[in-house]
Amino acid sequence: MYDVQTLGIPGALSSYIPETCARWGLDGFAVLGNDATISIARWSGLIPADIDSNGDGIADNWEATYFNRLDLDPASDSDSDGLTLFQEYLFGTSPLAYSPNPQQMSLSTNSVGKALRLVFPRRAGLPKVPYQFVTSPDLIQWSAATNISESLLATQSMDGVVFHTVAVTIPATNSAAEFLRWKWQP
């Protein structure tokens, strides 16, 4: 879908400045010049990195860069690699090409009991952590995981975006079986 607007440029400059501008998608436009030339441009790189105008927890510039639109479902998996759009954004992987899951998981036992340790990259500078860990003994009743500890292991930059490698330790409850999942909550 696109909108066409006639630019009213009066005076002597009108012969040098295009008269019709067609905008399509989130970040593109075409300008039809008086000499029948068409100029095309995109400006997704100019959308500030911290803007999330639709409140889905994923920055508009990321959505524009990869999909040219904002009406995305963060729980979808556009490249069928098992990572949701939320995870692709959080981890810094491509939502358009298969990416191996960067999470590392291990189970440990200490004097307090068993715990699951997750290590993963996380986009730095998020206004709040847009996820929660929830647990269940039966895959029916879910509740927020408690006593979670998190530590920063490293900081790195990928394509100009800063990511932290974090380790999250989630203690197990006393139930015989326990399931864990990430809950997206922008």
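The values are calculated or read from the model by the stated rules, or taken from the named source; none is laboratory data. None of these values were measured; they are calculated from a predicted model. Glycine also receives a Cβ, built like all others from the backbone with ideal geometry; neighbour counts cover every protein chain displayed.
A single member of Thr93, Thr65, Thr109 is free of Cβ contacts under 8 Å to residues at least 60 places away in the same chain and under 25 Å from Ala177 (Cα atoms), and it is Thr109. For region 79-118, a residue qualifies if it is of a type in the set (Gly, Ala, Ser) and surrounded by fewer than 17 Cβ atoms within 10 Å (Cβ to Cβ), and the qualifying residues are Ser80, Gly82, Ser94, Ala97, Ser106, Ser108, Ser111, Gly113. If Val129 meets every condition in (1) over 20 Å from Pro102 (Cα atoms); (2) outside any strand (DSSP E or B); (3) of a type in the set (Val, Ile, Thr) apart from one, which number is that one? Here Val129 clears every test but (1).
Of everything listed in (1) at pLDDT below 90; (2) closer than 23 Å to Asp56 by Cα, the single unmet condition for Leu90 is (1). Only one entry in Ala115, Ala97 is of a type in the set (A, V, I, L, M, F, W, C) and not assigned by TED's automatic domain parsing to the domain that holds Gly160, namely Ala97. Only residues that are over 23 Å from the mean Cα position of the chain (by Cα) and in a strand (DSSP E or B) were counted in region 135-150, giving 4.
Checking each residue in region 151-178 for being in a strand (DSSP E or B) and either over 23 Å from the mean Cα position of the chain (by Cα) or surrounded by 14 or more Cβ atoms within 10 Å (Cβ to Cβ) (or both) picks out Val161, Phe163, His164, Thr165, Val166, Ala167, Val168, Thr169, Ile170, Pro171. For region 88-111, filtered to residues that are part of a helix (DSSP H, G or I) and not hydroxyl-bearing (Ser, Thr, Tyr), the residue that is farthest from Thr173 (Cα to Cα) is Glu88. For residues in region 131-153 being closer than 19 Å to Phe163 by Cβ and among the hydroxyl-bearing types (Ser, Thr, Tyr), which is modelled with the lowest pLDDT? Among them, the one singled out is Tyr131.
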